[in-house]
Amino acid sequence: MKGLRYKIILAFAVGMIFALSLVKSVTVTVAWWNGERTAGAWEWLWIGILPVLVFVFFRYYSVFRPGCRACLPPEAEPNDHRMGPGTP
């Protein structure tokens, strides 16, 4: 039971680090794009890592990921929409 608790805490921490990194990267990139900030070494790091973070987001966390079933009705409960007309 303790191992499961640590895995949940670790998954939460990694998710929060990912989310905050994505927000920071977008913020720095937009500020640089608008000319509000000069691009130093750290800014180039955030600008360069933005495509990687966007790819990871769309590949693993988004509803646009392959195999996402978030918008589908549950399989266990048959309803009239999936059964079709004339099915008992």
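Here's a check for you: in segment 28-73, which residue that is of a type in the set (D, E, K, R) and part of a helix (DSSP H, G or I) is farthest from the chain's Cα centre (by Cα)? Break it down stepwise before answering.
Applying the first criterion (of a type in the set (D, E, K, R)) to segment 28-73 yields 36-37, 43, 59, 65, 69.
Of the ones still in play, those that are also part of a helix (DSSP H, G or I) are 43, 59.
Working: GLU43: 22, ARG59: 8 Å.
If we take residues in segment 28-73 being of a type in the set (D, E, K, R) and part of a helix (DSSP H, G or I), then GLU43 is farthest from the chain's Cα centre (by Cα).
Here's the yes/no breakdown for (1) among the aromatic types (Phe, Trp, Tyr); (2) surrounded by fewer than 10 Cβ atoms within 10 Å (Cβ to Cβ); (3) part of a loop (DSSP other than H, G, I, E, B); (4) modelled with pLDDT under 95:
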| residue | (1), (2), (3), (4) |
| --- | --- |
| LEU4 | no, yes, no, yes |
| GLY15 | no, no, no, yes |
| LEU20 | no, no, no, no |
| VAL23 | no, no, no, no |
| VAL26 | no, no, no, no |
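The values are calculated or read from the model by the stated rules, or taken from the named source; none is laboratory data. Since this is a predicted model, take the numbers as computed values, not measurements. Quick reminder, even Gly has a Cβ in these numbers, built from the backbone with ideal geometry, and neighbours come from all protein chains shown.
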